[in-house]
Protein chains: 2
Amino acid sequence: MGLVKGLKCRECGRPYPADPLHVCEYCFGPLEVDYDYDALHGRLTRKAIEAGPPSIWRYKALLPIEGEPIVGRHCGMTPLVRAKNLARALGMREVYVKNDTVSHPTFSFKDRVVAVAVTKAVEFNFKVVACASTGNLANSVAAHAAEGGLPSFVFVPADLEQGKVLGTLIYNPKLVAVDGNYDEVNRLCSEIADKYGWAFVNINIRPYYAEGSKTFGYEVAEQLGWRAPHHIVVPAAGGSLVTKILKGLKEFDRLGLLSGGCHTRMHVAQAEGCGPIVTAIKENSEIIRPVKPKTIAKSLAIGNPADGYYAYKAVKESGGHGEHATDDDIVDGMKLLASTEGIFAETAGGVTVAAAKRLIEEGRIPRDESLVLCITGNGLKTQEAVASSLKVRFHIKPTLRSFDEAMASHDIDVTAG
Amino acid sequence: MGLVKGLKCRECGRPYPADPLHVCEYCFGPLEVDYDYDALHGRLTRKAIEAGPPSIWRYKALLPIEGEPIVGRHCGMTPLVRAKNLARALGMREVYVKNDTVSHPTFSFKDRVVAVAVTKAVEFNFKVVACASTGNLANSVAAHAAEGGLPSFVFVPADLEQGKVLGTLIYNPKLVAVDGNYDEVNRLCSEIADKYGWAFVNINIRPYYAEGSKTFGYEVAEQLGWRAPHHIVVPAAGGSLVTKILKGLKEFDRLGLLSGGCHTRMHVAQAEGCGPIVTAIKENSEIIRPVKPKTIAKSLAIGNPADGYYAYKAVKESGGHGEHATDDDIVDGMKLLASTEGIFAETAGGVTVAAAKRLIEEGRIPRDESLVLCITGNGLKTQEAVASSLKVRFHIKPTLRSFDEAMASHDIDVTAG
């Protein structure tokens with residue numbers, strides 16, 4: 001508490017108070033939360049963190065809230081799974097899956113940012129929370145608003161997956177389906193934020209919201225025994241997550257919490273049908289050219305990513321790279337992760353696995369270095385993507401004879417036991 | 001390790017070695033794992049448990065595996081949520097939700113039993129794992145078999161929800177859809193277990209499997225600060241969970257781990273369309289009359305529950321009761337939990353909330369006593385149950401004018417902020 005110095009423009013460095021601001025009024029750069037790291041040094045220790053709750057709030061000193069968390073008390077500390085089978089399949093020595101499919105309460109990493117944003121919105125005395133979303137954020141804002149007893153307005157593209165729609169409506173928000181893609185939804189929401197003064201978590205209180213993503217990086221480092229991995233592959237939509245994971249690792253390093261420092265290479269994974277950040281990385285161009293999204297990875301379907309430039313910079317500065325995944329690759333990636341590790345990720349997880357596979361094959365990720373895959377959402381949310389390729393092959397009557405016949409006709413070996 | 005004394009018949013008490021057995025060969029009673037509690041007393045302390053991993057394996061001394069866990073290392077320690085909004089809605093002072101919607105890896109409490117069962121199956125040197133399932137068990141067996149590198153056969157009623165089917169197939173098991181209800185599937189599986197010698201987790205290694213459910217009770221007690229609540233409401237299908245939660249609490253009490261002892265009243269929640277255990281409780285009859293299931297709570301649709309008699313006994317001995325929930329109640333219960341606490345449970349969770357509501361209204365659960373609701377599975381698995389009652393009300397063009405018109409035409413107050 002009291003360790004937030006204020007906001008700071010990412011471009012010109014101009015300082016601002018910790019108010020509900022998000023754009024620099026001089027250069028129009030985005031604002032970011034700034035902390036008093038000198039005051040934290042030596043005070044925020046591994047031991048202090050380990051003695052904290054099993055949630056993102058163990059890192060509260062590095063999060064921009066003033067009081068106690070108001071919602072999302074159980075968010076975070078999802079498992080970091082040592083993925084030996086997947087590593088073998090990828091030809092790698094050391095692979096980990098950071099598994100936010102089991103994020104509390106709404107089964108994606110967006111709970112991390114929303115727990116912080118809604119708490120901050122209440123601290124700022126906002127009476128309504130809202131968001132523009134490709135689905136996961138919608139789920140999380142609606143759930144945390146319910147928990148906090150606040151009305152919520154949630155705006156999504158009208159063509160969203162059923163799991164994302166029902167998984168929002170169940171919490172009883174005002175869900176507004178917009179005929180258009182995310183970028184159009186987002187533009188509309190900026191106008192609504194201006195007109196009605198609601199707390200749009202990813203628009204007008206974005207600087208606070210985005211800080212929640214740092215916990216993904218903190219947890220990876222802590223769960224690896226206070227060290228940073230050689231490589232992290234991060235899916236990108238708006239591009240914020242990759243920047244914040246790197247920020248989190250650098251903060252830990254600056255505070256002396258990491259063994260071996262931070263030399264992590266950050267890699268971005270995007271769909272071929274919506275991969276403007278990866279395209280820029282491949283072309284070595286700082287300019288992110290907006291695209292019209294066309295991919296089954298709808299949670300990543302942001303054609304004009306708000307933090308695309310910063311994602312590009314995080315990748316380049318860290319010595320990482322990026323890769324695209326086709327729709328077929330995405331489904332294969334989902335199946336590979338599930339059939340090797342028993343982890344059912346949404347389409348974005350398939351993008352991450354597929355991109356990692358390519359980066360390994362290209363030699364961008366050496367086979368003897370450690371790799372963390374960011375699995376950010378739950379496969380039950382995007383069932384449409386796999387429904388056509390997962391068919392029930394055996395349909396029998398409830399008799400031993402019917403079972404034996406079905407196995408025989410499919411040449412299944414039943415004597416393996 | 002070495003603390004398992006062996007198996008013991010629940011009826012005649014005859015001891016057996018810790019082998020893959022499940023029925024007493026003298027009286028045909030079910031076998032249960034027996035521990036050397038005297039050896040554990042004073043040795044298994046709160047401190048020792050708290051120093052363990054953040055998973056069910058912190059209670060390993062009370063689980064029937066010999067070596068280290070082979071699969072499911074990250075299972076358990078799901079949040080116990082203090083549900084203040086739900087408590088207010090129910091007119092209660094102190095309500096908690098034990099939230100296994102975020103169980104790792106397959107989003108239901110079945111991960112607890114399967115992590116133990118598959119580890120045990122490998123220890124017993126079985127080469128194939130299998131199960132009869134109403135869905136959640138199917139998901140979990142397929143996932144853990146994938147993690148353990150074992151082939152699996154999973155048998156389900158053919159009319160299962162899509163989320164349960166896809167959420168099984170993704171792990172690449174042999175999924176067999178059977179034309180019939182669960183009780184018919186289960187009978188068939190007993191024959192297959194006899195013929196092929198596979199490890200059917202809930203049939204021939206059921207005594208070991210079932211022990212995993214104790215961890216649900218252990219965690220509740222530990223998370224409450226080492227005390228047992230006044231009341232727990234547990235959904236019942238086969239009836240095992242309620243008996244094992246009570247067993248777990250009694251073990252903790254016997255080992256001196258609980259403050260204030262164990263006086264918990266266990267209550268059972270079932271659907272009206274498949275509630276044979278609750279019917280027996282209401283009628284004070286030890287005889288569980290099988291029924292033909294007809295309910296949207298398919299995960300609870302077991303008409304002839306294997307542990308029905310023992311569930312009945314656990315409820316009666318503890319001074320608890322039971323209640324039914326109609327299909328409408330179930331949907332209302334799901335919505336109530338989601339809109340008050342931001343927790344999206346599957347239909348079984350709706351049964352639990354609805355039954356708890358009735359038990360409170362009847363005075364069976366006094367309003368000033370503490371209550372824990374067992375939320376055992378994830379709402380994304382049973383979307384069919386709520387799809388027809390959750391419609392998108394606002395569908396607009398991506399313009400401020402279209403939004404304002406939609407709000408005006410629905411009399412929505414947008415000036416609240």
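Laid out as a table, the results:
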item	result
Selection within the range A:247-260 - closer than 18 Å to A:Val113 by Cα and open to solvent by 10 Å² or more (accessible area, probe 1.4 Å)	A:Lys247
Criterion (in contact with a Lys or Arg (Cβ under 7 Å, 6 or more places away or on another chain) and not aliphatic (A, V, I, L, M)) met by exactly one of B:Gly260, B:Gly308	B:Gly260
Residue within the range A:303-318 that is open to solvent by 50 Å² or more (accessible area, probe 1.4 Å) and assigned to a loop (DSSP other than H, G, I, E, B) present	yes
Qualifying residue in the range A:151-165 (condition: in contact with a helix residue (DSSP H, G or I) (Cβ under 7 Å, 6 or more places away or on another chain), more than 11 Å from every other protein chain (Cβ to nearest Cβ), crowded, with 24+ Cβ neighbours inside 10 Å and basic (Lys, Arg))	no
Residue check for B:Asp404: part of a loop (DSSP other than H, G, I, E, B) and either open to solvent by 30 Å² or more (accessible area, probe 1.4 Å) or touching a Phe, Trp or Tyr at 6+ places or on another chain (Cβ under 9 Å) (or both)	no
Those strands (runs of 3 or more DSSP E) lying entirely in the range B:1-113 with at least 1 residues open to solvent by 10 Å² or more (accessible area, probe 1.4 Å), of a type outside the set (Gly, Ala, Ser) and closer than 22 Å to B:Trp198 by Cα	B:31-35
Subset of the range B:181-195 (residues that are closer than 29 Å to B:Asp34 by Cβ, crowded, with 19+ Cβ neighbours inside 10 Å and either in contact with a Cys (Cβ under 6 Å, 6 or more places away or on another chain) or within 9 Å of chain A (Cβ to nearest Cβ) (or both))	B:Ile192
The range A:198-229, residues that are free of Cβ contacts under 8 Å to residues at least 40 places away in the same chain and open to solvent by 10 Å² or more (accessible area, probe 1.4 Å)	A:Gly225, A:Arg227, A:Ala228
Selection status of B:Val97, among the hydrophobic types (A, V, I, L, M, F, W, C), within 11 Å of another protein chain (Cβ to nearest Cβ) and farther than 30 Å from B:Ala356 by Cβ	no
Odd one out for B:Ala177 among (1) touching a His at 6+ places or on another chain (Cβ under 6 Å); (2) within 29 Å of A:Thr78 (Cα to Cα); (3) of a type in the set (Gly, Ala, Ser)	(2)
Test for A:Lys250: is it among the basic types (Lys, Arg), farther than 25 Å from A:His324 by Cβ and modelled with pLDDT of 95 or more	yes
Scan of the range A:114-144 for residues that are surrounded by 24 or more Cβ atoms within 10 Å (Cβ to Cβ) and either part of a loop (DSSP other than H, G, I, E, B) or more than 13 Å from chain B (Cβ to nearest Cβ) (or both), ordered by number	A:Val116, A:Ala117, A:Thr119, A:Lys120, A:Cys131, A:Ser133, A:Thr134, A:Gly135, A:Leu137
Which numbered condition B:Arg358 misses (of (1) more than 10 Å from chain A (Cβ to nearest Cβ); (2) free of Cβ contacts under 8 Å to residues at least 12 places away in the same chain; (3) in a helix (DSSP H, G or I); (4) not hydrophobic (A, V, I, L, M, F, W, C))	(2)
Number of the exception - B:Gly363 against (1) open to solvent by 10 Å² or more (accessible area, probe 1.4 Å); (2) within 14 Å of another protein chain (Cβ to nearest Cβ); (3) small (Gly, Ala, Ser)	(2)
Pairs, first among the aromatic types (Phe, Trp, Tyr) in the range B:9-35, second outside any loop (DSSP other than H, G, I, E, B) and open to solvent by 70 Å² or more (accessible area, probe 1.4 Å), C-beta under 9 Å, six or more apart	B:Tyr16/B:Lys8; B:Tyr35/B:Lys5
Top-ranked residue in the range B:368-398 [being at the interface with chain A (Cβ under 7 Å from one of its Cβ atoms) and among the polar types (S, T, N, Q); ranked as farthest from B:Phe344 (Cα to Cα)]	B:Gln383
Some residue of the range B:329-350 being touching a His at 6+ places or on another chain (Cβ under 7 Å), crowded, with 19+ Cβ neighbours inside 10 Å and either among the acidic types (Asp, Glu) or farther than 22 Å from A:Leu150 by Cα (or both)	no
Residue in the range A:374-393 that is farthest from A:Val353 (Cα to Cα), counting only those that are β-branched (Val, Ile, Thr) and part of a loop (DSSP other than H, G, I, E, B)	A:Val392
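Rundown of residues vs (1) in contact with an Asp or Glu (Cβ under 8 Å, 6 or more places away or on another chain); (2) under 30 Å from A:Glu361 (Cα atoms), yes/no style:
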{"residue": "A:Pro17", "(1), (2)": "no, no"}
{"residue": "A:His22", "(1), (2)": "no, no"}
{"residue": "A:Val33", "(1), (2)": "yes, no"}
{"residue": "A:Pro53", "(1), (2)": "no, no"}
{"residue": "A:Pro69", "(1), (2)": "no, no"}
{"residue": "A:Arg73", "(1), (2)": "no, no"}
{"residue": "A:Ala83", "(1), (2)": "yes, yes"}
{"residue": "A:Gly91", "(1), (2)": "no, yes"}
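The values are calculated or read from the model by the stated rules, or taken from the named source; none is laboratory data. This is a predicted model, so every value here is computed, not measured. For neighbour counting, all protein chains shown are included, and Cβ atoms are generated from backbone atoms with ideal geometry for every residue, glycine included. Note: accessible area is taken over every heavy atom of the protein model, side chains too, but ligands, DNA and RNA are not part of it. Shrake-Rupley method; radii C 1.70, N 1.55, O 1.52, S 1.80 Å.
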